[in-house]
Amino acid sequence: MNATARRRLERRDEIIRAFWRVARTRPRGGVNVRAVAAEAAMSPANVLHYFSSLNELQMTALAGAMEQFADRRQAILDAQESASWRIAAMIQAGVPDTISDELRHVYESVPILADHPEYLPAHRALVERQIMLYRALIEIGAGLGEFALASPPGMIARNLVALEDAYDLYPLIGDRTPREECRAAVRSYAELALGLAPGALAAVAAPPQPLSPGE
């Protein structure tokens with residue numbers, strides 16, 4: 001990569017970091033090109049030189065956040081722990097105590113997809129990768145005799161991801177159910193589907209939640 005291309009990537013990264021700083025401090029819908037430009041110490045025209053629109057900037061930032069989220073879940077899958085520990089850790093990561101600005105923006109970006117189908121692959125890829133990671137872990141646990149599956153691995157994996165999405169969406173529409181209660185509901189389904197004793201996943205320690213992108 002030559003110096004010009006490297007500098008271009010650095011500037012794009014600076015703008016994306018500025019986008020997240022603005023997104024974390026402004027109310028819903030308050031992010032605009034002018035605010036991002038001011039945060040990045042550049043002109044709005046300069047921002048639009050690197051990103052053709054606010055939508056492109058938002059979706060690029062979200063794609064990076066989603067990739068980091070998926071990478072953290074891959075690290076859980078790769079951990080040298082029991083399959084039950086890793087399932088509990090996956091649920092902990094998927095239903096966090098606080099809905100991050102990144103996750104909120106993922107859900108709020110859905111209406112954009114109707115007018116910008118070019119951004120659909122990033123959303124689909126995140127869902128499918130989560131399902132794949134869960135399925136791989138379920139198959140590992142079943143192969144080791146740790147799980148006794150009540151349904152096919154792929155079906156259980158899809159249901160777990162769907163439950164996580166639902167419980168992460170609820171707070172954004174005003175639901176005040178305690179987050180540990182939400183995680184307990186997901187764990188309860190997982191225990192039934194994996195043939196584990198009730199409360200087995202609750203007894204497994206999960207790692208602390210990671211920082212958001214840019215922190």
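Summary of computed values
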{"item": "So Ala157, is it among the small types (Gly, Ala, Ser), outside any loop (DSSP other than H, G, I, E, B), closer than 24 Å to Gln68 by Cβ and modelled with pLDDT under 95", "result": "no"}
{"item": "Residues within segment 141-164 that are under 22 Å from Arg129 (Cα atoms), touching a residue at least 24 places away in the same chain (Cβ under 8 Å) and of a type outside the set (Gly, Ala, Ser), tallied", "result": "9"}
{"item": "Residue match in segment 142-152 (condition: assigned to a helix (DSSP H, G or I) and within 17 Å of Ser82 (Cβ to Cβ))", "result": "yes"}
{"item": "Flag for Ala18 being open to solvent by less than 20 Å² (accessible area, probe 1.4 Å) and at pLDDT below 90", "result": "yes"}
{"item": "Residue satisfying condition, being at pLDDT below 75 and open to solvent by 50 Å² or more (accessible area, probe 1.4 Å), within set Val110, Val106", "result": "Val110"}
{"item": "Top-ranked residue in segment 49-93 [being among the hydroxyl-bearing types (Ser, Thr, Tyr) and surrounded by fewer than 17 Cβ atoms within 10 Å (Cβ to Cβ); ranked as modelled with the highest pLDDT]", "result": "Ser82"}
{"item": "Failed criterion for Ile131 (all others in (1) at pLDDT 95 or above; (2) assigned to a helix (DSSP H, G or I) hold)", "result": "(1)"}
{"item": "Test: residue in segment 49-64 that is under 23 Å from Ala157 (Cβ atoms) and of a type in the set (Phe, Trp, Tyr)", "result": "no"}
{"item": "Flag if Pro198 is within 16 Å of Ala93 (Cα to Cα) and of a type outside the set (Gly, Ala, Ser)", "result": "no"}
{"item": "Those residues of segment 21-43 which are assigned to a helix (DSSP H, G or I), modelled with pLDDT of 80 or more, open to solvent by less than 50 Å² (accessible area, probe 1.4 Å) and not β-branched (Val, Ile, Thr), in sequence order", "result": "Ala35, Ala37"}
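Each row is one residue, and each column tells you yes or no for (1) farther than 24 Å from Asp78 by Cα; (2) surrounded by 13 or more Cβ atoms within 10 Å (Cβ to Cβ); (3) of a type outside the set (Ser, Thr, Tyr); (4) modelled with pLDDT of 90 or more.
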site	(1), (2), (3), (4)
Asp175	yes, no, yes, no
Glu181	yes, no, yes, yes
Tyr189	no, yes, no, yes
Ala193	no, yes, yes, yes
Pro208	no, no, yes, no
Gly214	no, yes, yes, no
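The values are calculated or read from the model by the stated rules, or taken from the named source; none is laboratory data. From a predicted model like this one, the values you see are computed outputs, not experimental measurements. Quick reminder, even Gly has a Cβ in these numbers, built from the backbone with ideal geometry, and neighbours come from all protein chains shown. Note: accessible area is taken over every heavy atom of the protein model, side chains too, but ligands, DNA and RNA are not part of it. Shrake-Rupley method; radii C 1.70, N 1.55, O 1.52, S 1.80 Å.
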